[in-house]
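Inspection log for the structure reproduced underneath, given as structure tokens.
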């Protein structure tokens, strides 16, 4: 049985503008919306490393946060900056879609769900799916230009 369907659209320029508000805001924003594993992945990306090859990314005990500053990415790498913005926008859209799929019956925090990838296909990882009556979830994400769209179907 379908528990809910949610969709969200996020502009990359909106996330870029949020990140440009300054280091303190960037840190609060990313710590607020990212699950601890996502936070670790994001920190690895800001340092130019690949979290998929980092064994620590699967652990929930994380190192102290490293502040993201777009002007200090390795060699001012514009592609890396765009990747970081896309990483955040994807998670924002997916989590908003989950919220919409559960509303108004259940509510969850940003950190109750994480977006992960297995063989290139994104999926949702819930802290406690049974608490929300979720037996299965489906996530579809698409990027085009300045837009990221996420659609979620949750099954009971």
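Of all residues in region 11-28, one or more are outside any helix (DSSP H, G or I), modelled with pLDDT of 95 or more and surrounded by fewer than 17 Cβ atoms within 10 Å (Cβ to Cβ).
Within region 86-107, if we keep just the residues that are surrounded by fewer than 19 Cβ atoms within 10 Å (Cβ to Cβ) and touching a helix residue (DSSP H, G or I) at 6+ places or on another chain (Cβ under 7 Å), the residue that is nearest to residue 153 (Cα to Cα) turns out to be 106. Contact map, region 31-60: residues that are at positive phi and part of a loop (DSSP other than H, G, I, E, B) paired with residues that are crowded, with 18+ Cβ neighbours inside 10 Å and at pLDDT below 85, Cβ distance under 9 Å, separation 6+ or inter-chain. Pairs shown: 48/73.
Checked against the criterion of being at pLDDT 95 or above and either over 14 Å from residue 149 (Cα atoms) or out of contact with any strand residue (DSSP E or B) (no Cβ under 8 Å at 6 or more places or on another chain) (or both), the candidates 103, 99 yield just one match: 99.
The values are calculated or read from the model by the stated rules, or taken from the named source; none is laboratory data. Predicted model, so just to flag it, every value in this text is computed and none were measured. When we count neighbours, we look across all protein chains shown, and the Cβ atoms used for this are built from the backbone with ideal geometry, even at glycine.
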